[in-house]
Amino acid sequence: MVIGGGPAGLSAAIEAATSGCEVTLVDSDLALGGQLIKQTHKFFGSKDERAGTRGFKIAETLMEELEANKDRVTIHSNCTATGFYAEDGVVSCVHGEDDYFRIKPTRIIMATGAQERLLPFPNNHLPGVYGAGAVQTLMNVYGVVPGKKVLMVGAGNIGLIVSYQLMQAGVQVVGIVEAMDKIGGYWVHAAKVRRMGVPIYLRHTVKEALGDKIVTGAVIQEIDDKFQPTGAEVNIDVDVICMAVGLTPTCELLWQAGCQMAFVPQLCGYVAQRDKHMRTSNDDIWVAGDAAGIEEASSAMVEGRIAGLGVAKSLGKIDSGEYSKRLAEFARRLADLRGGEVGAKICQGIACCTVNEWGV
Amino acid sequence: MLTESRKGAIEPPRDLWETKKNGLVIIECPQRIPCNPCHTSCPTGAVKPFSDINDQPSIDYEKCTGCARCVAVCPGLACVVVDLTWGGDKDALMKLPYEMLPMPEEGATVDCLNRVGEPVSKGKVIKVTEPMHDKTHVVHVEVPKDKVMDIRAIRVVK
């Protein structure tokens, strides 16, 4: 069973099914693909990760690969895995609103992705205050612009990319505030929005949203290195405040399964301890993608492959020689993807939650 | 504070640049990130092989033909081609990536923007292509020669 049909889950399902496993894939969204289907920008990486291809196109390719294995794959969309019962290994699921059912898989790959973090500030309940994921869904899945003038909160890759996508949709991005003293996202992403004239205010935060029934403005303020307000409050005229202040791994099912967990700041929250095969402390459970630590989709796809391959191996679907060969190839690709400036932090985090071998 | 403060703009060798018809590429990619399509898509091998995918691109200008394939391919929109042989002493031709709307029309006058979005000159659109047929367009713009190291984007004037 694969829980989550984003880049990691799809890759895991493909890898396991290609190796001959029977796969059940559940995903809470209406369509498979996870965040990929809203990603209209081109991906980094190498040819192996389809660099230069837009995210939604990558989702299409993965769907085709899955389709090629359809005899061995059962897909449940609009279906949430609501609980894991450690005593008997049952996963409870709900289709739509009230169609409950249970599955007892022999192996599980948790590819549950991430949740957005949000900031508390006065009036953040007003319509017009969005998470970046919602803005991307509205614009890039449903073709609806969220407003006319946007303040972006956060200059990580998501904040920068969504700012760029807003401009592509004809929406004005009035500015980007970032609490840190440097841009967290890739330099090239920042350069794209800067050359379109969007200011990036470092060491600034949003203090409150203005408005009665809807957002009519935002108050921003400079902060010091202890994140305390120092500068004058500045009112800016916007009807959208978009928060892109980070993600945290979705790991409730892993907790329920009693997997050994670790809090790893570099991976943005609690993650399951895993070995190099992406297997958790529970022999029957693997983890992949953002659920294993917040990272790029390119890495999530490779992790998914590793987890799918590991499950196939544990079920005797592939022999050790073939397994080791493919694992080495995937490990090399991951090492490549993590070899840059941002990857160094990820590697530190992974070192904190990786065990050599589970005692089996 | 701003992205322009990081170095990374490496000018091609002047002598070759001033005589190379069709222009030479400039890649502004100053950070180690895992990305190599500029190399893998280059038809002439002008963007040298990467020993590590996180390497910054390095260019063999003798081999660069100014074809602008990398301009269309680069996910970071970090490549531009500058042709100094285009228009005598005064003008140069720049081939810039473009993913916005509206599309610039051939012959139209557009605003040429620097790295922080300030208009630094007007430019004339010579040609608009879509080399990879993937919605990243390459806009060929005639610009003042002395502004080629400032201009990094265009804006359609309504």
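Would you pick out the residues in the range B:21-37 that are more than 9 Å from every other protein chain (Cβ to nearest Cβ) and surrounded by 13 or more Cβ atoms within 10 Å (Cβ to Cβ)?
B:N22, B:G23, B:L24, B:V25, B:I26, B:I27, listed by residue number.
Which of the residues spanning the range A:28-39 are part of a loop (DSSP other than H, G, I, E, B) and touching an Asp or Glu at 6+ places or on another chain (Cβ under 9 Å)?
Hit for the range A:28-39 is A:G33, nothing else.
In the range B:110-122, how many are basic (K, R), within 14 Å of chain A (Cβ to nearest Cβ) and not in a loop (DSSP other than H, G, I, E, B)?
0
Quick one: is A:L315 out of contact with any strand residue (DSSP E or B) (no Cβ under 9 Å at 6 or more places or on another chain) and free of Cβ contacts under 8 Å to residues at least 60 places away in the same chain?
So A:L315 does not fit the description; no.
Out of A:G4, A:G20, report the one residue that is buried (at least 16 other Cβ atoms within 10 Å of the Cβ) and either closer than 30 Å to A:G321 by Cα or not assigned by TED's automatic domain parsing to the domain that holds A:F101 (or both).
Going through A:G4, A:G20 in turn, just one is buried (at least 16 other Cβ atoms within 10 Å of the Cβ) and either closer than 30 Å to A:G321 by Cα or not assigned by TED's automatic domain parsing to the domain that holds A:F101 (or both): A:G4.
Within the range A:166-177, how many residues turn out to be buried (at least 18 other Cβ atoms within 10 Å of the Cβ), more than 10 Å from every other protein chain (Cβ to nearest Cβ) and of a type outside the set (V, I, T)?
Of the residues in that region, 2 qualify.
Only one of these is at pLDDT below 95 and more than 7 Å from every other protein chain (Cβ to nearest Cβ): B:E62, B:E18, B:E11. Name it.
B:E11
Of all residues being in a helix (DSSP H, G or I) and within 11 Å of another protein chain (Cβ to nearest Cβ) in the range A:136-161, which is surrounded by the most Cβ atoms within 10 Å (Cβ to Cβ)? Just the residue, please.
A:L160
With respect to B:G107, determine if the residue is at pLDDT 95 or above, over 13 Å from the mean Cα position of the chain (by Cα), assigned to a loop (DSSP other than H, G, I, E, B) and within 14 Å of chain A (Cβ to nearest Cβ).
Taking the combined requirement at face value, the residue does not satisfy it.
Criterion first (within 17 Å of B:V138 (Cα to Cα), away from every other protein chain (no Cβ under 11 Å) and surrounded by fewer than 21 Cβ atoms within 10 Å (Cβ to Cβ)) does B:G45 satisfy it?
No; evaluated as a whole, the condition is false for this residue.
Just to be sure before I move on: is A:D237 away from every other protein chain (no Cβ under 14 Å), touching a Ser or Thr at 6+ places or on another chain (Cβ under 9 Å), farther than 30 Å from A:F84 by Cα and at pLDDT 95 or above in the structure I sent?
Against the criterion (away from every other protein chain (no Cβ under 14 Å), touching a Ser or Thr at 6+ places or on another chain (Cβ under 9 Å), farther than 30 Å from A:F84 by Cα and at pLDDT 95 or above), A:D237 qualifies.
How many of the residues in the range A:162-200 are of a type in the set (V, I, T) and either on the phi > 0 side of the Ramachandran plot or part of a strand (DSSP E or B) (or both)?
5
Give the number of residues within the range B:68-98 that are within 12 Å of chain A (Cβ to nearest Cβ), without any contact (Cβ under 8 Å) to a residue 60 or more places away in the chain and either part of a strand (DSSP E or B) or touching a Leu at 6+ places or on another chain (Cβ under 7 Å) (or both).
So the count comes out to 4.
Can A:R326 be described as more than 14 Å from chain B (Cβ to nearest Cβ), outside any loop (DSSP other than H, G, I, E, B) and either out of contact with any Phe, Trp or Tyr (no Cβ under 8 Å at 6 or more places or on another chain) or modelled with pLDDT under 95 (or both)?
When the stated conditions are applied, A:R326 passes them.
With A:C259, A:C242 as the choices, which residue is crowded, with 19+ Cβ neighbours inside 10 Å and either part of a loop (DSSP other than H, G, I, E, B) or modelled with pLDDT under 95 (or both)?
Selected residue: A:C259, the only one of A:C259, A:C242 that is crowded, with 19+ Cβ neighbours inside 10 Å and either part of a loop (DSSP other than H, G, I, E, B) or modelled with pLDDT under 95 (or both).
Every residue in the range B:48-59 that is within 22 Å of B:V139 (Cβ to Cβ) and either over 14 Å from the mean Cα position of the chain (by Cα) or within 12 Å of chain A (Cβ to nearest Cβ) (or both), please.
Once the filter is applied, which keeps residues that are within 22 Å of B:V139 (Cβ to Cβ) and either over 14 Å from the mean Cα position of the chain (by Cα) or within 12 Å of chain A (Cβ to nearest Cβ) (or both), the range B:48-59 yields only B:P57.
Any residue that is within 14 Å of chain B (Cβ to nearest Cβ) and assigned to a helix (DSSP H, G or I) - is there at least one of those in the range A:347-358?
Taking every residue of the range A:347-358 in turn, at least one turns out to be within 14 Å of chain B (Cβ to nearest Cβ) and assigned to a helix (DSSP H, G or I).
Select from the range A:192-216 the residues that are away from chain B (no Cβ under 14 Å) and of a type in the set (G, A, S) and write down the one among them that is farthest from B:I151 (Cα to Cα).
A:G211
The values are calculated or read from the model by the stated rules, or taken from the named source; none is laboratory data. Every value quoted in this text rests on a predicted model; they were computed, and no experiment measured them. Note that we place each Cβ from the backbone using ideal geometry, even for glycine, and neighbour counts take in every protein chain shown.
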